[in-house]
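Below: the structure, in structure tokens.
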Amino acid sequence: MFTKKGIFKSLAWVLVVGVVALVAIQFIPVDRSNPPVVREPNWDSPATRAYAERACFDCHSNETKWPWYSYVAPISWSVADHVHEGRAKFNMSDWPSGEGDEAAKTVQKGEMPLWEYTLAHPEARLSQTELKDFVAGLQKTFGSEEGEEAENRSGQSRAESDDEAGESNE
């Protein structure tokens, strides 16, 4: 039969092995790089870009803000996978890239941002008014799902954008 001493000894070994394993997996490298921003879309307005930065950029741009938990395995693996998948599908820092014409539709349907992202990032939750404005801005920026072309679909480099901003401030 099992004795109390035997059970505690077994639990102690399981705990020690678990802690050692948890420490060991911290040494598995995870790519948390942010490549340079090549080209952004020509946003229809600064507000649309601000909404995108708030709700989308961490996974869909090269401007990811890596939170503290993205450095703790095994959570870091999931975070890095989400970011790499998001950038591969639609990257606002390497435009044109991905499915811009579907951006408004996925946001409007509530598919993006992911609910688990909004749990950790409450600032990514948009009010109904913000959501409506953001969807309209995405449709103007990327074109609608019916295939309507946006005037500025091709995007511009960040340097061009900064140059234009500098000229308007003069």
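Since every read-out is calculated from the coordinates, none of them should be taken as a lab result. Just so we're clear, the structure is a prediction, and the values are computed from it rather than from any experiment. Neighbour counts are summed over all protein chains in view; Cβ atoms, including those assigned to glycine, are modelled from backbone coordinates with ideal geometry.
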Legend entry - Residue order, fewest to most surrounding Cβ atoms within 10 angstrom, among 40, 53, 85: 85, 53, 40
Inset, instruction - Mind ranking 17-24, 134-141, 67-74 by how tightly packed they are, going by the mean number of other C-beta atoms within 10 angstrom, highest first? - result: 134-141, 67-74, 17-24
Inset, instruction - May I ask for the equivalent-ellipsoid semi-axes of region 57-139, computed as the square root of five times each C-alpha gyration tensor eigenvalue and listed largest first in whole Å? - result: 23, 16, 10
Inset, instruction - Based on alpha-carbon positions alone, could you give the equivalent ellipsoid semi-axes of region 22-96 from the gyration tensor, as √(5λ), descending, whole Å? - result: 27, 12, 9
Legend entry - Simple label model, 7 Å out from Cα along Cβ direction - residue 109 to residue 16, nm: 5.3 nm
Legend entry - Separation in nanometres of the label points that stand 7 Å from Cα toward Cβ, at residue 132 and residue 102: 2.7 nm
